[in-house]
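Before any comments, here is the structure.
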Amino acid sequence: MHTDNLRAALLITLAMVCFTSNDAFVKLLGQYVTWQQALLLRSLAALVFLTLLSPFLGGVATPARLWALARRGRVRLRVAFEACGLSLWVLALVNMPLSGAIAVNQLLPVFLMLGGMLAYGERPGPHRSAAALVSVIGVAMVVQPGAETLQIHALLAMLATACMAGRDVVTRGIAREVSPVHVALLSTLAIIGIASALVWLSGEWRPLGLRALGAAAGSGAALCLAFVLVIRGAQMGEVSFVAPFRYAALVWGMVLAWAVFGEAPDGWSLLGALVIIASGVYLMLRERRAGARAATIPDGATGGGGPPGPKPG
């Protein structure tokens, strides 16, 4: 199990590198085309790679399979969250610093906690709530909202992250036998339709050069590779062990922001990143200890009808 956890941690780390590289490719694409075109090209590239990937993860995605999947209510709701979230994310990403956008995306666990409260009646304890508040402070330290335009696009990135949390909360209720690649393909097709409409409404289409096409292809390839890595990592290792390695996205995002876009992080940004990572790791470790304690208590140890003990927070 120890070896499996180490391998899973490596796979999750590489997946986060690929996810962040995908964001960097999209931002790079936004330098050559409009954000509507960037959304469309990124989705078309993802469609090609996901189609090639589907025979190996869930079977060939035939129209009949996708149509049967689209008839499920939770799948349609997930597609709606995904389409809305990605559209807002690309709009924010091409108009704000890469490091700031990725920092805002670290609020995903906070929104997931809120989504769990609303959808499933979960009640987070004081430790989980405090860790969430600290991570919000860390995000503010990285983003450092000042100019009005930055505030607007940071808000859009936050709304996109909330939509992604809604997507993940809805996914929790989808049957396990449903292929994640088929669901991703269905979402991608919906996004292509939305992006095409947005391009048409904008009335602008910039010529595509080799750099734009290369960025689009790189985005699709990085996204699909990340998809495979994160699935394999989740299958191989314990969730509580590999979860902290997801913060590699923030570290790699700052590296790419500096190396590709010249976004040199200042002291506040670095401190904010450490605050985000520390709060997340603290919460993961505490949840793991709480889970271990619960596993050592035999059924009925509380004495039958007596009051349950306090829930770990």
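The values are calculated or read from the model by the stated rules, or taken from the named source; none is laboratory data. Note that the structure is a prediction, hence the values are computed from the model and not measured. FYI the Cβ positions are ideal-geometry reconstructions off the backbone, even for glycines, and counts take in every protein chain you see. All accessible areas refer to the heavy atoms of the entire protein, side chains included, with ligands and DNA or RNA removed. Shrake-Rupley method; radii C 1.70, N 1.55, O 1.52, S 1.80 Å.
Let me check I've understood the local charge: for Tyr32, count other residues with C-beta under 14 angstrom from its C-beta, Lys and Arg +1, Asp and Glu -1. What total comes out? Each step should come with its number before you reach the end.
Working: positive: Lys27, Arg42, Arg206, Arg211; negative: Glu204.
Net of charged neighbours comes to +3.
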Here, Leu271 and Arg123, labelled 7 Å along Cα→Cβ, have an inter-label distance in nm of 3.7 nm
Accessible surface, region 44-95, averaged per residue in Å² (probe 1.4 Å) | 53 Å²
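Between the DSSP loop rule and a limit of at most 14 other Cβ atoms within 10 Å, which trypsin sites (Lys or Arg not before Pro) in region 105-194 are left?
Numbers: sites: Arg128, Arg167, Arg172, Arg176; in loops: Arg172, Arg176.
When the trypsin sites (Lys or Arg not before Pro) of region 105-194 are filtered for loop state and at most 14 Cβ neighbours within 10 Å, Arg172, Arg176 remain.
Order of 196-202, 129-135 by packing, highest average Cβ count within 10 Å first?
Values: 196-202: 13.7, 129-135: 18.1.
With the highest mean Cβ count within 10 Å placed first, the list reads 129-135, 196-202.
For every other residue with a beta carbon closer than 15 angstrom to the beta carbon of Ala216, add +1 if it is Lys or Arg and -1 if Asp or Glu, then tell me the sum.
Working: positive: Lys27, Arg42, Arg206, Arg211; negative: Asp23.
Residues near Ala216 contribute +3 overall.
Once whole DSSP H runs in the chain are found, which of them have Cα atoms spread over 15 Å or more along the helix axis and a mean Kyte-Doolittle score of at least 0.0? Spell out each step's value before the answer.
Numbers: long enough: 2-29 (40 Å, 0.87); 35-53 (27 Å, 1.52); 73-93 (30 Å, 1.09); 108-120 (17 Å, 1.85); 126-143 (26 Å, 1.51); 148-171 (34 Å, 0.95); 180-202 (32 Å, 1.87); 210-236 (39 Å, 1.43); 248-261 (18 Å, 2.14); 267-296 (44 Å, 0.72).
Result, helices passing both filters: 2-29, 35-53, 73-93, 108-120, 126-143, 148-171, 180-202, 210-236, 248-261, 267-296.
Over region 20-114, calculate the relative contact order: mean separation of alpha carbon pairs under 8 Å at least 6 apart, over the residue count, as a percent. If you can, show how the numbers build up before the last one.
Working: 35 pairs, mean separation 41.7, N = 95.
For region 20-114, the relative contact order is 44 percent.
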The chain, relative contact order [Cα under 8 Å, separation at least 6], % | 40 percent
Once fully extended, how much extra length lies between Ala264 and Leu201, figured as 0.36 nm per residue of separation less the alpha-carbon to alpha-carbon distance?
-> 19.1 nm
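Given the rule -39500 (n - 2.57) for each run of at least 4 DSSP H residues, summed and divided by the residues of the chain, what is its mean residue ellipticity at 222 nm, to the nearest 500 deg cm²/dmol? Display every interim value, and only then the final one.
On the way: 13 runs with 237 residues, N = 313.
Roughly -25500 deg cm²/dmol at 222 nm, from the helical runs in the chain.
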Where in region 70-103 does the amide nitrogen come within less than 16 Å of the point 7 Å from the Cα of Ser179, taken along Cα to Cβ?
-> 70-71
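Would you please give the FRET efficiency between Tyr282 and Arg76, computed as 1/(1 + (r/R0)^6) with r the Cβ-Cβ distance and R0 = 25 Å, to the nearest 0.05?
Numbers: r = 37 Å, r/R0 = 1.48.
The value I calculate is 0.10.
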In a Gaussian network model over the chain where Cα atoms closer than 10 Å are linked, find which of Leu57, Leu11, Leu283 has the largest mean-square fluctuation.
-> Leu57
Both in Å, the radius of gyration and Dmax of the C-alpha trace of region 95-169 are 12.9, 38
Find the centroid of the Cα atoms in region 255-278 and in region 97-172, then give the distance between the two in whole Å.
-> 18 Å
With r defined as the distance between the Cβ atoms of Leu133 and Val60 and R0 fixed at 45 Å, what FRET efficiency is calculated, to the nearest 0.05?
-> 0.45
